[in-house]
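Trainee: There's a structure below that I have some questions on.
The values are calculated or read from the model by the stated rules, or taken from the named source; none is laboratory data. Computed from a prediction, not measured in an experiment: that's the story for all the values here. Neighbour counts run over all protein chains shown; Cβ positions are idealised from the backbone, glycine included.
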Amino acid sequence: CKQTSPQTAMESHIHMHDDARKSPANRLRGKVAVITGGARGIGAATAILFAENGANVVIADILDDLGTSLAYSIGGKYIHCDVSKEDDVESAINLALAWKGKLDIMFNNAGVSGPDGSITNLDMEKTKQVFSVNVNGNLHGIKHASKVMIEGQNGGCIICTASSAAVVGGLGSHPYTLSKGAIIGLMKSTACELGVHGIRVNCISPHGVPSEMLVSAYRRILGKEDMQPEEVGKIIGERGSLLRGRYASVEDVAQAALFLASEESGFITAHNLVIDGGYTSANNNMA
Ligand code: NAD
């Protein structure tokens, strides 16, 4: 049996994905989606994939230049929206309603990492800031999206973003872990209430995508200011994935979001879909 080198495996994955992206299936034809944190990283990849599949996408972020140009390139809309502010999230949803008259998909993706360090020195102020984005951001999104979905009586789909850090210990910071665990609990409790209205609520839990957020966390923790995404990917590929040499791309996560947003997952609700190369199901010593 021929052994594929990690590098080759990674390259073939990237090419495989490129091919998949060339043939969009219009799985979200005519749907209207709001994506928070959609200006870069996982959110941006999802905005592109949703639009390629026929969705009308509103990008809600605080990175105005990136968000505006991405929205333009995919025929969508951009709105400045700090998800920690309830009014901002409501305005993003109102923009979707004013534009297309409905909301089908709410992707609560915006998130921040940190603060790092021991529980014994926990910085409560920074902890509150992480909570205001990660927990309140999801809460605001579910609250206002479900309101308009219930009024529209067409059902809908809400996707929240947790993390592998909420599933196994020792990944990321304590406040980050706590915030992501809270999101899984919130997803389940709201799925119980909203199912009767035909609204599905699910979570995705990515692991080890060398996005801006993860790379800057590695730089902080390892004290290597010039660390590049490829280096972080290499570490994850070697130690944080059962698929040796392979780490998650933003598109891997976007494909999971597309599945949960589409009718193919029509009977799936209250589920946390982990995109982790098997990491959270293995013991920590994968050598
Ligand atoms: P990223 O930093 O590239 O993207 C995060 C996006 O959220 C950015 O566009 C940023 O501007 C936006 N954002 C941050 N604060 C915001 C706020 N207050 N209001 C609105 N937008 C805000 O990182 P990413 O890896 O693409 O992260 C996306 C989500 O995936 C996050 O919720 C993150 O916790 C989660 N996640 C990522 C990984 C990973 O390995 N990268 C793993 C698990 C979970």
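Trainee: Identify all residues within region 151-173 that are without any contact (Cβ under 8 Å) to a residue 60 or more places away in the chain and surrounded by fewer than 17 Cβ atoms within 10 Å (Cβ to Cβ); write none if there are none.
Mentor: Those that are without any contact (Cβ under 8 Å) to a residue 60 or more places away in the chain and surrounded by fewer than 17 Cβ atoms within 10 Å (Cβ to Cβ): GLU151, GLY152, GLN153, ASN154, GLY155, GLY169.
Trainee: Hey, could you check region 123-150 for residues that are more than 20 Å from the chain's Cα centre (by Cα) and among the basic types (Lys, Arg) and say which is surrounded by the most Cβ atoms within 10 Å (Cβ to Cβ)? Break it down stepwise before answering.
Mentor: Applying the first criterion (more than 20 Å from the chain's Cα centre (by Cα)) to region 123-150 yields 123-128, 147-150.
So of that shortlist, the ones also among the basic types (Lys, Arg) come out as 126, 128, 147.
Details: LYS126: 16, LYS128: 11, LYS147: 13.
So the residue we want is LYS126.
Trainee: I'm checking my understanding of the structure. Among residues of region 53-80 that are part of a strand (DSSP E or B) and within 11 Å of the ligand (Cβ to nearest atom), which one is surrounded by the fewest Cβ atoms within 10 Å (Cβ to Cβ)? Spell out the reasoning first.
Mentor: Taking region 53-80 first, the residues part of a strand (DSSP E or B) are 56-61, 77-80.
If we keep only those that are within 11 Å of the ligand (Cβ to nearest atom) as well, we get 59-61, 79-80.
On the way: ILE59: 30, ALA60: 34, ASP61: 28, ILE79: 21, HIS80: 14.
In this case the residue turns out to be HIS80.
Trainee: Tell me which residues, restricted to region 106-121, are within 16 Å of the ligand (Cβ to nearest atom) and farther than 21 Å from TYR218 by Cβ. Before the answer, list the steps.
Mentor: Within region 106-121, the first condition is being within 16 Å of the ligand (Cβ to nearest atom), and the residues that meet it are 106-116.
Within region 106-121, MET106, PHE107, ASN108 meet the criteria.
Trainee: Name the residue that is nearest to the ligand (Cβ to nearest atom), counting only residues in region 174-195 that are surrounded by fewer than 19 Cβ atoms within 10 Å (Cβ to Cβ) and charged (D, E, K, R).
Mentor: LYS188
Trainee: So which residues in region 234-251 are closer than 23 Å to ASN283 by Cβ and in a helix (DSSP H, G or I)? Can you show your working first?
Mentor: Initially, region 234-251 is screened for residues closer than 23 Å to ASN283 by Cβ, giving 234-248.
Once the filter is applied, which keeps residues that are closer than 23 Å to ASN283 by Cβ and in a helix (DSSP H, G or I), region 234-251 yields LYS234, ILE235, ILE236, GLY237, GLU238, ARG239.
Trainee: Something else now. Since THR190 meets every condition but one in (1) modelled with pLDDT of 95 or more; (2) farther than 20 Å from ASP276 by Cα; (3) not in a helix (DSSP H, G or I), which condition does it not meet?
Mentor: Among (1) modelled with pLDDT of 95 or more; (2) farther than 20 Å from ASP276 by Cα; (3) not in a helix (DSSP H, G or I), the lone unmet condition for THR190 is (3).
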